[in-house]
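Have a look at the structure below, then the notes.
The values are calculated or read from the model by the stated rules, or taken from the named source; none is laboratory data. Just so it is clear, the structure is predicted and the values come from calculations on it, not from any experiment. Quick reminder, even Gly has a Cβ in these numbers, built from the backbone with ideal geometry, and neighbours come from all protein chains shown.
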Amino acid sequence: MSLNRRGHLRRDRLRRDRLRRSVLRARTWPLALGLVAALAWSGGSAPAGAGPSDTGLKGAIDTILADPRMDGGAASVVVADATTGERLYERDAGDRLMPASNTKLATSAAAMALLGPDYRFRTDVLSTGRRHGPVLHGDLYLRGGGDPTALASDYGRLAAQLRESGIRRVTGRVVADDTRFDTRRLGRSWAADDESSYYSAQISPLTVAPDTDYDSGTVVVEASPGAAPGDRPKVKVTPPTDYVRVDVRGSTVPAGQTDTLAVEREHGTNTVVVSGDVPVGGSTTKEWVTVWEPTGYAAAVFADALAEQGVHVAKAPRLGLPTPPGARLLATHGSMPLRELMLPFMKLSNNMHAETLTKTIGYETSGHGTWGAGLSAIDGYLREEGVEAAKLRQVDGSGLSRMNVFPADQIARLLLAVRDAPWYADWHASLPVACAPDRAVGGTLRTRMCRTPAALNARAKTGSLTGASALSGYVEDAAGRELVFGIVLNNYLASSVKSIEDAIVVTLAGSDTARGTIAAAVAPGHRNAHRTAPADLECTWRKPDVC
């Protein structure tokens, strides 16, 4: 490890320790609605009866996993010393369970290793046409490099570059070149009923994000009540574009009546239907909705930007053709570097970033922008890091597919292996931080493990699907020993098992694991533990964000 990197990590740890002590002394952050209550904390040894002769870490974690919510379920758990790799706890470590968004640990690490932390996506405008004064005779090629963070304003800057070059009229059309990736837009076995949900957007190397969460391939639709009963709801689309057609079928009803307003895109179209009732004076319904064919979305937004800049294009856009050899570069936009993209990607568990990176890895390593090529390269990277890739299955980059299976054992191996990578500090910083209230720091963990020794200590990737939950990362114990943990829980019927994961991590944070002084946390019961639950998604997948 270089002196610069060692000093960086030391300063980061000192800042984190000071902030954590401040929080534990002065702040009590409530947990988010619908998530766990504050963990009950008790010092001392593990509860009696945890094992026939074990009152240490094994007994404490076994007792947590004996929670009735896990009856009939499956748990794969590993705890290890981060420095030596010594296994401190194992529970069915080799069992293959659905990791949900813990899949992003593999994808993100491979992206940093194979693409590099300085990697940038490029979006270019090119032409083979002849220029006569302000007139360009020919087509404009909008060539996508895969940027999942491209905003409408970025396409506006591309258009401004053309205007600044003196172009005022294009006799041809905008041709959207999305050939860097294949034409397969949705991942393997993604649920059909998620099609219009923003966490399941179509993947293209040309796309648009409507916000700085960079939810690529979506528009934001806001529907608010009219002034009087009988009025149609007022609707706003961001970014404003005619690529999406809004069909308002809803109605404003008298104040006090039930709000049933719903926003959803019709299958196979870009028609967004606003249906149901909204009472006078009621709140605005805001939904992030996917578009059908994001390449066309990007072309439409760019065409609008050209018009706003006073650049007239004679013909309608055309999609899916490659840029001819020898085309001249007229304008370009570069994304933020990958090390910065890692923050919204991992903190907010952005599925589309994961899938774009997977296809980009495929393109950069083999010349094929496909899931198959990308996953093959990720598999190769994992093997080089000592992960037994033959013992897991990864079919997408994000973990949205229920065909992914990872044992906690292999997750822990990866978490141990990356610690000596030159990009580790940036990657580690991208993990959500327990109870850090800033959304850009705490991410999907910002309301969890508050008022415990894990607050501002644990850094981990969350994961949630119906009947599948995971939490894997790093935490320091009470004596400052850094630990790696991998927790994957499956096949439960409770609406949430997050407090079980949290109790394990809090136990680690409050214990001196080297001396065997174990302070066991107790996961509170869940009031709906006996009920079958609907989809248990990442909290940041529920817009507006409720974390």
Next item on the list: Please give the number of the condition V125 fails out of (1) closer than 22 Å to A314 by Cβ; (2) without any contact (Cβ under 8 Å) to a residue 12 or more places away in the chain.
Entry: (2)
Notebook entry, point to check: Are any of the residues in the stretch 475-482 closer than 21 Å to R69 by Cβ and crowded, with 24+ Cβ neighbours inside 10 Å?
Noted result: no
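When you go through D154, D147 one by one, which is the residue that is in contact (Cβ under 8 Å) with a residue 12 or more places away in the chain, part of a loop (DSSP other than H, G, I, E, B), not polar (S, T, N, Q) and not assigned by TED's automatic domain parsing to the domain that holds E264?
Working: D154 fails: part of a loop (DSSP other than H, G, I, E, B).
On inspection, the qualifying residue turns out to be D147.
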Notebook entry, point to check: Counting only residues that are touching a helix residue (DSSP H, G or I) at 6+ places or on another chain (Cβ under 8 Å) and either assigned to a loop (DSSP other than H, G, I, E, B) or free of Cβ contacts under 8 Å to residues at least 12 places away in the same chain (or both), which one in the stretch 466-492 is farthest from V79 (Cα to Cα)?
Noted result: Y492
Next item on the list: Report yes if some residue within the stretch 517-537 is surrounded by 14 or more Cβ atoms within 10 Å (Cβ to Cβ), among the hydroxyl-bearing types (S, T, Y) and at pLDDT below 95; otherwise report no.
Entry: yes
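Which residues, taken from the stretch 74-83, are under 16 Å from A470 (Cβ atoms) and surrounded by fewer than 21 Cβ atoms within 10 Å (Cβ to Cβ)? Steps first, answer last, please.
Keep residues of the stretch 74-83 that are under 16 Å from A470 (Cβ atoms), which gives 74-79.
Matches in the stretch 74-83: A74 only.
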Check: Residues of the stretch 193-225 being assigned to a loop (DSSP other than H, G, I, E, B), surrounded by fewer than 19 Cβ atoms within 10 Å (Cβ to Cβ) and hydroxyl-bearing (S, T, Y), which ones?
Finding: T212
Next item on the list: Considering only residues that are closer than 11 Å to S224 by Cβ and within 27 Å of the chain's Cα centre (by Cα), look in the stretch 275-288 and name the one that is surrounded by the most Cβ atoms within 10 Å (Cβ to Cβ).
Entry: T285
Margin query: Could you go through the stretch 285-305 and let me know if any residue there is over 26 Å from Q202 (Cα atoms) and of a type in the set (S, T, N, Q).
Written below: no
Check: Which of the residues that make up the stretch 124-145 are of a type in the set (S, T, N, Q) and under 18 Å from E164 (Cα atoms)?
Finding: S127
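Counting just the residues of the stretch 146-158 that are among the small types (G, A, S) and surrounded by fewer than 24 Cβ atoms within 10 Å (Cβ to Cβ), which one comes out nearest to the chain's Cα centre (by Cα)? Steps first, please.
Within the stretch 146-158, the subset among the small types (G, A, S) is 146, 150, 152-153, 156.
Checking which are surrounded by fewer than 24 Cβ atoms within 10 Å (Cβ to Cβ) leaves us with 152-153, 156.
On the way: A152: 21, S153: 22, G156: 26 Å.
The extreme case among them is A152.
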Note to self: When the residues of the stretch 432-444 are narrowed to those that are closer than 16 Å to E501 by Cα and assigned to a loop (DSSP other than H, G, I, E, B), which ends up nearest to the chain's Cα centre (by Cα)?
What the structure shows: P432
Note to self: I need every pair where a residue in the stretch 493-515 that is in the same structural domain as I64 (by TED's automatic domain parsing) has its Cβ under 6 Å from the Cβ of a residue that is assigned to a helix (DSSP H, G or I) and of a type outside the set (A, V, I, L, M, F, W, C), sequence separation at least 6 or different chains.
What the structure shows: A494/R69; V497/R69
Checklist line | the stretch 321-373, residues that are surrounded by fewer than 24 Cβ atoms within 10 Å (Cβ to Cβ), touching a residue at least 60 places away in the same chain (Cβ under 8 Å), within 23 Å of F302 (Cα to Cα) and not small (G, A, S) | finding: L321, P322, T323, P324, R328, L329, L330, T332, H333, M336, P337
Checklist line | Filter result for T447 (more than 17 Å from S101 (Cα to Cα), outside any strand (DSSP E or B) and within 20 Å of the chain's Cα centre (by Cα)) | finding: yes
Next item on the list: Collect the residues in the stretch 370-398 that are more than 20 Å from the chain's Cα centre (by Cα) and aliphatic (A, V, I, L, M), keeping them in residue-number order.
Entry: A373, A377, L382, V387, A389, A390, L392
